[in-house]
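A quick write-up on the structure given underneath.
Please treat every number below as a calculation from the coordinates, not as lab data. Please read all numbers here as calculations on a predicted model, not as lab measurements. Note: ideal-geometry Cβ built from the backbone for every residue, glycine included; neighbour counts use all protein chains shown.
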Amino acid sequence: MTRRLFTGLALILGLTICSHAQTARWTEKTANDWYAKQPWLVGSNYIPSTAINELEMWQASTFDPRRIDKELGWAESLGLNTMRVFLHDLLWQQDPEGFKRRLDIFLKIAQKHKIRPLFVLFDSVWDPNPKLGKQRAPKPGVHNSGWLQSPGAAALKDPGQYPRLEAYVKGVVGAFARDQRILGWDVWNEPDNTNGGSYASLEPPNKEELVRSLLPRVFDWAREAGASQPLTSGVWNGDWSSADKLSPMERIQLGFSDVISFHSYEAPDVFEKRVLSLLRYQRPIMCTEYMARGNGSTFLGTLPIAKKYHVAAINWGLVAGKTQTYLPWDSWKNPYVNREPAVWFHEIFRADGRPYRQEEADFIRVTIQSAAVAN
């Protein structure tokens, strides 16, 4: 009797633990059932116009909830229902309790505007040498001149810092693991990006190998923290049409993600080919970066395709500000000093809340509304 009672209790406890923690990759059915409960997800990559990077957005001295409230109100006016928002490991090292409080404030503001964010834990893009404290001013005329990698190169090269990174992932995800205000966790943005044309000379020569070794562990840490929301890491550069064409990093990203995500700053026909190449995974698909007008990636061209295949669509940039991502990538070679580009690269709104192009704003609103009516 005692043995049977113990076994029964163990089974009950096991079921309880499993119901509160994501201990393995979601099955296709679990992922698709989750996605079926979501509206068509449309949003932007978001940082307030007053911040140049993740640290300036979230550090106590520069956290700007009033500005966030105003800007997310503009997003709500278009019907946008999600935002992809970048975090940083140094914020946890600096002030874990304060960081959690500010995350909760952000989530309350987002909920007020009917927006559920997708939080990004790590990022391999732009400056590999992040530092806490006051952040530098934007370089005149240069796209994303102050954005920071997480972890930085020093931490990535030092296995002695991995316990700190684990504590960050488990601390943040664990604190909000059951929070329905959060859409999901994007565990690592463009993990194999080596920043050619910007910071390539400052990157570890074996960066891809280091990230490839760490990425599966980050997925595991998030699952061990009990995330009830889906995990993902978006493929962004390559041919995903067959398994033999995938890079080792892409195999990890696609093999560990609960929902599939990707980036495409290409013309509509290429965007559609990207979507078609990922349908074979039979999981929900989210485009977590698109819309670069000068590259032929536009709202008018891409959103209808995303709607057709029920692919989540998250463009880069909501409001023009200190990131200066309305400037094109080539500004790293030819800064747009004292002049605007002929066409804005990213962003929907000017800093005063006026749409860059009213016809785009109207199109986004109508397209989202039509999808809601259809459902």
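Over the range 26-374, what is the relative contact order in whole percent, taking alpha-carbon pairs under 8 Å and six or more residues apart? Mind dumping the intermediate values first?
Numbers: 680 pairs, mean separation 74.0, N = 349.
Across the range 26-374, relative contact order equals 21 percent.
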* Asked: Pulled fully out, how much extra length does the chain show between Val343 and Asp33, if you take 0.36 nm times their separation in residues and subtract their Cα-Cα distance?
  -> 107.6 nm
* Asked: Karplus couplings for the range 117-131 from phi (6.51 cos²θ - 1.76 cosθ + 1.60, θ = phi - 60°), rounded to Hz, Gly and Pro as x?
  -> x, 9, 8, 9, 8, 10, 8, 9, 10, 6, 5, x, 10, x, 9
* Asked: Magnitude of the Cβ-charge dipole of the chain, K/R +1 and D/E -1, about the Cα centre, nearest 20 debye?
  -> 860
* Structure fact -> A chain fully extended from Lys139 to Arg280 at 0.36 nm per residue, minus the present Cα-Cα distance, gains in nm 46.5 nm
* Once the piece of chain linking Ala267 and Ser370 is laid out straight, how much longer is it, given 0.36 nm per residue of separation minus the C-alpha distance between them? -> 34.8 nm
* In the chain, with Lys and Arg counted as +1 and Asp and Glu as -1 at Cβ, which of these residues, His88, Leu107, Pro48, has the Cα nearest the positive end of the dipole, that is, farthest along it? -> Leu107
* To do: Go through Lys112/Lys307; Lys139/Lys322; Lys134/Lys157; Lys100/Lys170; Lys245/Lys273 and tell me which ones have a Cα-Cα distance over 19 Å in this structure.
  => Lys112/Lys307; Lys134/Lys157
* Lys114: which aspartates and glutamates have alpha carbons under 14 Å from its alpha carbon, excluding same-chain residues fewer than 8 sequence positions away? -> Asp69, Glu71, Glu76
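If you count the DSSP beta bridges with both ends in the chain, what percent of them are antiparallel, to the nearest 5?
10
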* With each pseudo-label sitting 7 Å past Cα toward Cβ, what's the Thr62-Lys112 distance in nm, one decimal? -> 2.3
* Structure fact -> Mean Cβ-within-10 Å packing, highest first, puts peptides 364-374, 212-222, 311-321 in the order 311-321, 212-222, 364-374
* Amide H to amide H under 5 Å from Asp123: which residues, 5+ apart in sequence or cross-chain, H placed 1.01 Å off N in plane? -> Ser150, Asn189
* **Formal net charge of residues neighbouring Gly321 (Cβ-Cβ distance under 13 Å; K, R +1; D, E -1)** => -1
* Structure fact -> Which of [x] 27; [y] 37; [z] 24 is the computed percent of Cα pairs over 34 Å apart? It is [z]
* To do: Using DSSP to define loop residues, name the trypsin sites (Lys or Arg not before Pro) in the range 17-111 whose beta-carbon has at most 13 other beta-carbon atoms within 10 Å.
  => Lys37
